[in-house]
Amino acid sequence: MFPLTPGLLYLLASVGFSVSVAVLLKLARRYGIDVRQAIAANYAVTAALSWLMLRPSAAQLESASQAWGLLLALGVLLPCGFMAMAQSVRHAGIVRSDAAQRLSLFLPLLAAFLLFGEAITLRKAGAIALAFTALFCVLRRREPADAQGAGESAWLWPLGVWVAYGVVDILFKQVAKAGAAFSGALLIAFALAGVFMAGYLLTRRIAWQPRHLLAGVVLGVANFGNIVTYIRAHQALPDNPALVFSTMNMGVIALGTMVGALAFREPLSHVNLLGLVLAVAAILLMLP
């Protein structure tokens, strides 16, 4: 039995926060929450918490000027990905949405080979093949259409989550390569995402309501909690990045499956369950 060291506690907290974001998005429809307003408020909260807790210095913020184009792209893509996640949780369920988000880590890996000239190994090629097979199985819809009335296009939303989160990961990696400090880049990306989302809502002439914004505050705390505890886990376990990587990704898939299937009774076919098993196998294959 593993001792509950600070690093493992941070990891467990990160897994819990990650799944709680999906749960909050799932509950939003039940309680009539406008997720667009909640997502806008979420980015205001995450930006504020990034400033207060990560404390980026003036030099770290200035370093982000080397990657403004990438940060602007992140400012647009982050809320788009969050909206895709909200729709995916609503129409396809927590299980498939969380699995698609975790499998998005293989998109940057594929981009490294195809776009950035990294040498491919047999092990990594096998992991990518497993991941794409897992994604196909996870997105496979039950016949007839599931109880949530997702319809024929339900699989498009988790696919959108996979693409959006994968591209966000690629952009953050490129921001780091450009020399921008992580804490400064994260703060600016969150602030830009909040500005773009608020601007979009203003053009739509949305009637702002306190309860939607309050839901966004809760969502923002959970979202930032996931990020900061994951960072802290890496800092507490600097010699075990594989443990952090595997525990986070497999933990989210396992907990998301338990919550989605048991708490929300999301229907899963045998093919979907096979996809979850293959997703875990792909993650394990990526370990050094």
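The values are calculated or read from the model by the stated rules, or taken from the named source; none is laboratory data. From a predicted model like this one, the values you see are computed outputs, not experimental measurements. Ideal geometry is used to build each Cβ from the backbone, glycine not excepted, and the neighbour counts take in all protein chains shown. Only protein heavy atoms, including side chains, enter the accessible area calculation; ligands, DNA and RNA are left aside. Shrake-Rupley method; radii C 1.70, N 1.55, O 1.52, S 1.80 Å.
Restricting to the stretch 45-76, count the residues that are open to solvent by 40 Å² or more (accessible area, probe 1.4 Å) and either in contact with a Cys (Cβ under 7 Å, 6 or more places away or on another chain) or within 30 Å of THR257 (Cα to Cα) (or both).
Within the stretch 45-76, residues that are open to solvent by 40 Å² or more (accessible area, probe 1.4 Å) and either in contact with a Cys (Cβ under 7 Å, 6 or more places away or on another chain) or within 30 Å of THR257 (Cα to Cα) (or both) number 2.
Go through (1) free of Cβ contacts under 8 Å to residues at least 12 places away in the same chain; (2) farther than 30 Å from TRP208 by Cβ; (3) among the aromatic types (Phe, Trp, Tyr) one by one and return the number of the condition TRP68 breaks.
All conditions are met except number (2).
Condition (residue is closer than 16 Å to LEU273 by Cβ, surrounded by fewer than 18 Cβ atoms within 10 Å (Cβ to Cβ) and not hydrophobic (A, V, I, L, M, F, W, C)) applied to the stretch 117-137: is it met by at least one residue? It would help to see each step written out before you state the result.
So in the stretch 117-137, the residues closer than 16 Å to LEU273 by Cβ come out as 130, 133-137.
This time we only want the ones that are surrounded by fewer than 18 Cβ atoms within 10 Å (Cβ to Cβ), so: 133, 136.
Checking which are not hydrophobic (A, V, I, L, M, F, W, C) leaves us with 133.
For the stretch 117-137, residues closer than 16 Å to LEU273 by Cβ, surrounded by fewer than 18 Cβ atoms within 10 Å (Cβ to Cβ) and not hydrophobic (A, V, I, L, M, F, W, C): present.
List the pairs whose first member sits in the stretch 112-128 and is at positive phi, whose second member is surrounded by fewer than 12 Cβ atoms within 10 Å (Cβ to Cβ) and in a helix (DSSP H, G or I), and whose Cβ atoms are under 7 Å apart, counting only residues at least 6 apart or on separate chains?
none
Which one is surrounded by the most Cβ atoms within 10 Å (Cβ to Cβ) among residues in the stretch 147-161 that are at pLDDT below 60 and closer than 13 Å to VAL89 by Cα?
ALA150
Within the bounds of the stretch 145-153, is there any residue that is farther than 21 Å from VAL76 by Cα, aliphatic (A, V, I, L, M) and within 18 Å of the chain's Cα centre (by Cα)? Before the answer, list the steps.
Step one: list which residues in the stretch 145-153 are farther than 21 Å from VAL76 by Cα, which gives 145-153.
So of that shortlist, the ones also aliphatic (A, V, I, L, M) come out as 145, 147, 150.
From what is left, the residues that are within 18 Å of the chain's Cα centre (by Cα) are none.
No.
Find all pairs meeting these conditions: Cβ atoms under 6 angstrom apart; at least six residues apart or on different chains; first residue within the stretch 46-59 and among the β-branched types (Val, Ile, Thr); second residue not in a loop (DSSP other than H, G, I, E, B).
Matching pairs, first to second residue: THR46/PHE190; THR46/GLY220; THR46/ASN223; THR46/PHE224.
Please specify each residue of the stretch 272-288 satisfying the condition of being open to solvent by less than 60 Å² (accessible area, probe 1.4 Å) and under 17 Å from ALA129 (Cβ atoms). Reasoning before the result, please.
Let us first name the residues in the stretch 272-288 that are open to solvent by less than 60 Å² (accessible area, probe 1.4 Å), namely 272, 275-276, 278-283, 286-287.
If the condition is that a residue be open to solvent by less than 60 Å² (accessible area, probe 1.4 Å) and under 17 Å from ALA129 (Cβ atoms), then GLY275, LEU276, LEU278, ALA279, VAL280, ALA281, ALA282, ILE283, MET286, LEU287 are the ones that fit.
Within the stretch 77-98, take every residue that is open to solvent by 20 Å² or more (accessible area, probe 1.4 Å) and within 15 Å of the chain's Cα centre (by Cα) and give me the one that is farthest from LYS173 (Cα to Cα).
The first filter runs over the stretch 77-98 and keeps only residues open to solvent by 20 Å² or more (accessible area, probe 1.4 Å), leaving 77-78, 80, 83, 87, 90-91.
Subsequent filtering for residues that are within 15 Å of the chain's Cα centre (by Cα) retains 77-78, 80, 83, 87.
Values: LEU77: 15, LEU78: 15, CYS80: 19, MET83: 22, GLN87: 26 Å.
Among those residues, the one meeting the criterion is GLN87.
Would you check if there is a residue in the stretch 184-202 being modelled with pLDDT under 95 and surrounded by fewer than 17 Cβ atoms within 10 Å (Cβ to Cβ)?
Looking through the stretch 184-202, none of the residues is modelled with pLDDT under 95 and surrounded by fewer than 17 Cβ atoms within 10 Å (Cβ to Cβ).
Suppose we filter the stretch 25-43 for residues that are open to solvent by less than 60 Å² (accessible area, probe 1.4 Å) and assigned to a helix (DSSP H, G or I); how many remain?
Within the stretch 25-43, residues that are open to solvent by less than 60 Å² (accessible area, probe 1.4 Å) and assigned to a helix (DSSP H, G or I) number 12.
Condition check ((1) modelled with pLDDT under 95; (2) in contact with a strand residue (DSSP E or B) (Cβ under 9 Å, 6 or more places away or on another chain); (3) aromatic (Phe, Trp, Tyr)) across all residues:
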| site | (1), (2), (3) |
| --- | --- |
| ARG211 | no, no, no |
| ALA215 | no, no, no |
| ALA222 | no, no, no |
| TYR230 | yes, no, yes |
| LEU243 | yes, no, no |
| PRO267 | yes, no, no |
| LEU284 | yes, no, no |
| PRO288 | yes, no, no |
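Taking the condition of being over 17 Å from ALA233 (Cα atoms) and over 16 Å from the mean Cα position of the chain (by Cα), how many residues in the stretch 1-34 meet it?
Residues in the stretch 1-34 being over 17 Å from ALA233 (Cα atoms) and over 16 Å from the mean Cα position of the chain (by Cα): 9 in total.
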